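Okay, structure first, notes after.
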Amino acid sequence: MHPLIKLVAQRIALGLILLLAVSVVIFLGIEMLPGDTAQAILGQSATATSLANLRESLGLNQSPATRYFTWLGHALQGDLGKALTNQQDIAQAIGQRLGNTLFLAVCAGAIAVPLSIGLGLVAARFNGRWPDKLISGVTLAMISLPEFVAAYFMILLLTLVIPILQPVSMIFPGMGFFEKLHAVALPVIVLVMVVLAHMMRMTRAAILNVMQSAYIETAELKGLSPMQVIWRHALPNAVAPIISVVVINLAYLVVGVVVVEVVFSYNALGQYLVDHVAKRDLPVVQAVGIIFAAVYIGLNILADLIGIIANPRLRHPK
Amino acid sequence: MADLLTIKNLRIEATAYPPGEAPRHLVLVDGVSVSVQKGRVLGLIGESGAGKSTIGLAALSYGRGGVRLTGGQVLLNGRDIRAEGAAGLRALRGREVTYVAQSAAAAFNPAKRLMAQVIETSLLHKLMTKEQAEVRAIELFAKLGLPNPETFGRRYPHQVSGGQLQRAMTAMALCPKPDLVIFDEPTTALDVTTQIDVLAAIKEAIRDTGVAAIYITHDLAVVAQVADDILVLRHGKAVEYGATDQIISTPVQDYTQALVSVRRIDHAEKSDAAPILRVQGITARYRGTDFDVLQSITVDVAAGQTLAIVGESGSGKSTLARVITGLLPARSGQITFDGRTLSPDLANRSKDDLRQVQMIYQMADTAMNPRQTVGTIIGRPLEFYFGLKGEAKRARVQELLDQIEMGAGFENRYPAELSGGQKQRVCIARALAAKPKLILCDEVTSALDPLVADGILKLLLNLQAQEGVAYVFITHDLATVKAIADKIAVMYRGKVVRYGQKSDVLAPPFDDYTDLLLSSVPEMKTGWLESVLKTRKMESAGN
C-alpha cells in the first residue's frame, strides 16, 4: 500500500478514537455535576417519590456505563434525545442551527483565509518596510479589540453613519441566498476582523522562515522577482504551519462565535448552547459538546493531512 | 579577445552586528581586479573568509545578507552591472550569469520536481519554449552522466543522491545558455570518489558548451584540474594571479607556496604494539531498521598509536565510533579496552570506562555550549571526573590551554569569539582534560581550511607523543590519513575491506575499492583528472 494512504487511514482512525474519548470525558463531566437531570427537571417541586419515579422513567437508575452506551448507540443512529426544557428533538433543533453556524463560518472563512494569507505574503515581501508595518499594525489593532466592541463599532459605522446594512442578522428558512448574505454581512465583517491577524502573522512568519533557505537564494539568482520567489518557492514549503493556524481559526469560527451571535441576534449553535447551559439542559449540552469536538478534531485531521500531502518526501518516497 | 567579465578594483563591505556590541564595519574584499574571457575558466582559491564566494556573487551583483559592493567596477559584456537597477539585475541573473551552489541538496527547492527547477530560468527569461527547454535539459542530464536522463527530471530532490544533485545543479546553470557560470565549491561536500566524476562531468560540460566559468574552491588540487587561470585570495585581497601551470609549479608568493606544499606532512609509522582497544566481530544496526550498517568489524588500536578509519559517507565510519563509545549498542561482537570487556551500552559502563574514551567531533561549533566560556567548557570534565575546584581547576585549565597552544586570556572567551581552528583546539583540550587513553576523532579536520587543519594534525601528533594517548581517526581524506595514521582500516558499505599497518595498506597490490579511493584524491598537477579516469579499475558507485 502507498504509505500515504496508510498515513491518512491512521489519522482518520486516530480522530475517531479521539472523538470517542471526548464523548466519554463529556459524559463523565456531566455525571460529576452535583444533582442530576431529574432534580433539574423537577427543581423546587421535587419530592423523594417524584424524584424516584422520574429517575425510573428517564433510566437514571441504571449504571453510568449502561447509560453511556445507550446514549452512544442512539447518537450513532442520529438520535440525540429530547431537550428537557421543551421536549424538542435535539437532533432536529441542532440541525437547523448548525446550518446557520456553518453558513456564517463559511462566509467568514472564505473571505478571511485568502485575505490573511495574501496580506501575510505581502507583509513578508516587504519585511520591515512600511507595508509590513501597516498590515501588522492594523491587524493587531483589530485582534486586540474585544469582538463585541468591534461588533458595536461596525454597527455604528455601517448602519448609522453609512446606513447600508441592518444591525440584526436574523435569517429564516425560505430566504434567498443573496438575502442571507446581506443579512450576515455585518457579523461576517466582524469575524473576519477577529481572525485575520492570527493567520496573517503565521503566514508572514512561516514565509520569512523559509526565506532563509539556500534554495531561495538560488531562485533570486535565477532572476525571479521577489513576489515570484515567495509565490513559487517559499509558499509551497510553508504550507504546513500556515494550514495548522488556518484550521484553528476555522474551528473558532464554528464553535467560538457566541458573542457575535448574541450581538447580532443570529440564531445559531453558540446561542443554543449557552441558553441550555443556563437552563441546565444536560442532554443538549452533551450533544452540542460532541458536535463542537467533532468539528475541532475533523479540522485538525484535515490540517495534518494537508501538511502531509504538501510534503513531497511523504508523497514520493525514495 | 574582449573580456566577458572584468572586475576592476572591487571593494565589498558589510556590517556585522555582534550581539551586545556596537555594529562593526568589515571590508570583505579590497582592491581585487580580475578578468574572464569567453570560453575560459578562472579559479578563485583561498581559505574560508578570503572573499571567494563574495567575489563570485559580485559577478551577479548579489550580496548575501548585508553585503554591499561599495567600490570599483564589475563590467559584464562591456557594461557596469553595479549601475543596474533591480529590473536590470533580474534580467542578467539567470540569463547572462548563472550560479552553482556548494550544497545542491540545500539549493534545490524540496517541494518541486527537478525538471521544473532546471528549466525555470529558461522559461522565466523567455529564452525557449517549455518543450525546447526540456529537450535541452535532457541533453544536459545525459552529458553530465545522470542516470535515465529522459525521466531524471521527474524526480524530487530528495529522491536523488548528493552527487546527482550537484550535476543537476550544473545542468540547471547551463540550461539557459549563459555566458558565464559561477561554480561555488561544487564538489566540496561530496565524497572523494564522487567528486572525481562530478569534476569530470563539469569540466566536459564547460568544454562542450564553450561557456566561461569562475570556479571557486579551497582545494588547489581540484582547481588545477579545471581552471585556465588562478587568482589566489587571502583576507579579501589578491595574493597572486596567473596561469594555472605557473601557480602550481612556480608560485611566487609565500602564501601560495604554503598552499601548494600544504599536503606534505608525513608521519613515520610506529611499529605495531599491544592493543589498548580491541573491536572484535562488531555487528550493529539502527533501531527500527533491519539492515546491518556494520558487519563483523574487527580492528585493534595500539596503545599510544593512531588507527585511521577511512571511507566515503555512508560506509559506517562514524557508526563504528558510536558503537565504541556505547552510544549505539552493538548487536553482537565484543569491545575490549585495556584488557577489560566493555559493556555494549553506555549506561552500563563505569565512570572510569567513560573517562578513558573521549570524543572530538567534526563540527566544533555545535559540540560546545555557546553560552559557556572556554574555561567552563574545559573545566567541566575536570570537575566531573577528578572533582577539581577553584584554583586547582583554574590552573589545570590553563595548563590544558597551554598544551593546545592557546595562551592566557582564552578561558573567559565564548566559542563565538574563536576561529574554527581555535574551537577545534578547545574541543581537543576538553577531551584531554579527562586524561583518556583513547580519543575518537570524527572528521575533526574536515570543516577546516587546509593550513588550519595542518596545525590541528600537528597538535594531535605532539599530544600523542607527550601523553601517549591513542587515536581512532575517522576521515574521508587520504592526505590526512597519510599524515597521522599508524594503522589504517578502509571501510566500504559497513565492512572493513582493507586493514593493516599504514605502509602495507597504502602499498600495492590494491583491492578495487582502495584503488578507487586512492586514485580519486586530486593531485596538484594539471592533466591528473584525465589520466586517472583512463586508468582506474572500478567505477565509483552511489553518486
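Couple of notes before you dig in:
- Restricting the stretch A:96-120 to residues that are within 16 Å of the chain's Cα centre (by Cα) and free of Cβ contacts under 8 Å to residues at least 40 places away in the same chain, the residue that is surrounded by the fewest Cβ atoms within 10 Å (Cβ to Cβ) is A:Ala110.
- Looking at A:Val258, A:Val277, A:Val229, just one residue is without any contact (Cβ under 8 Å) to a residue 24 or more places away in the chain, touching a helix residue (DSSP H, G or I) at 6+ places or on another chain (Cβ under 9 Å), of a type in the set (Val, Ile, Thr) and open to solvent by 50 Å² or more (accessible area, probe 1.4 Å), and that residue is A:Val277.
- Residue check: B:Val118 meets all listed conditions (1) over 27 Å from B:Ile55 (Cα atoms); (2) more than 9 Å from chain A (Cβ to nearest Cβ) but one, namely (1).
- Complete set of residues in the stretch A:280-318 that are within 14 Å of chain B (Cβ to nearest Cβ) and crowded, with 20+ Cβ neighbours inside 10 Å: A:Pro312
- Residues located in the stretch A:25-39, provided they are more than 21 Å from the chain's Cα centre (by Cα), in contact (Cβ under 8 Å) with a residue 40 or more places away in the chain and closer than 11 Å to A:Tyr68 by Cβ: A:Phe27, A:Ile30
- In this structure, B:Val181 does satisfy being within 14 Å of another protein chain (Cβ to nearest Cβ), open to solvent by less than 10 Å² (accessible area, probe 1.4 Å) and under 28 Å from B:Ile45 (Cα atoms).
- Inside the stretch A:211-236, residues that are more than 33 Å from the chain's Cα centre (by Cα) and at the interface with chain B (Cβ under 8 Å from one of its Cβ atoms) make up a count of 12.
- Extreme residue, nearest to B:Gly56 (Cα to Cα), among residues of the stretch B:121-135 that are open to solvent by less than 50 Å² (accessible area, probe 1.4 Å) and among the hydrophobic types (A, V, I, L, M, F, W, C): B:Leu124
- As a summary of the residue check, A:Thr66 satisfies the conditions (1) at pLDDT below 75; (2) in a helix (DSSP H, G or I) except for the one numbered (1).
- Enumeration of residues in the stretch A:123-135 that are open to solvent by less than 50 Å² (accessible area, probe 1.4 Å) and in a helix (DSSP H, G or I): A:Ala123, A:Ala124, A:Pro131, A:Asp132, A:Ile135
- Criterion applied to A:Ala46, A:Ala13, A:Ala52 was being more than 34 Å from the chain's Cα centre (by Cα) and surrounded by fewer than 15 Cβ atoms within 10 Å (Cβ to Cβ), and the one residue passing it is A:Ala52.
- When B:Leu165, B:Leu144 are checked against the criterion of being of a type outside the set (Val, Ile, Thr) and away from every other protein chain (no Cβ under 14 Å), a single residue qualifies: B:Leu144.
- Hey, B:Lys270 open to solvent by 10 Å² or more (accessible area, probe 1.4 Å), in contact with an Asp or Glu (Cβ under 6 Å, 6 or more places away or on another chain) and at pLDDT below 90 or not: yes
- Among residues of the stretch B:141-172, those that are among the polar types (S, T, N, Q), open to solvent by 40 Å² or more (accessible area, probe 1.4 Å) and part of a loop (DSSP other than H, G, I, E, B), counted: 1
- A:Val239 being under 30 Å from A:Leu18 (Cβ atoms), more than 13 Å from the chain's Cα centre (by Cα) and within 11 Å of chain B (Cβ to nearest Cβ): yes
- Yes/no for B:Leu10 being more than 25 Å from the chain's Cα centre (by Cα), hydrophobic (A, V, I, L, M, F, W, C) and crowded, with 22+ Cβ neighbours inside 10 Å: yes
- Restricting the stretch A:261-274 to residues that are open to solvent by 50 Å² or more (accessible area, probe 1.4 Å) and among the hydrophobic types (A, V, I, L, M, F, W, C), the residue that is nearest to B:Thr121 (Cα to Cα) is A:Val262.
- Count - residues of the stretch B:71-110 that are surrounded by fewer than 19 Cβ atoms within 10 Å (Cβ to Cβ) and more than 7 Å from chain A (Cβ to nearest Cβ): 15
- Screening A:Thr85 against (1) open to solvent by 50 Å² or more (accessible area, probe 1.4 Å); (2) assigned to a helix (DSSP H, G or I); (3) hydroxyl-bearing (Ser, Thr, Tyr) leaves a single unmet condition, (2).
The values are calculated or read from the model by the stated rules, or taken from the named source; none is laboratory data. Worth saying up front: this structure is predicted, and the values here are computed from it rather than measured. Here the Cβ is made from the backbone with ideal geometry for all residues, glycine too, and neighbour counts use every protein chain on show. SASA here: full protein model, heavy atoms, side chains in, ligands and nucleic acids out. Shrake-Rupley method; radii C 1.70, N 1.55, O 1.52, S 1.80 Å.
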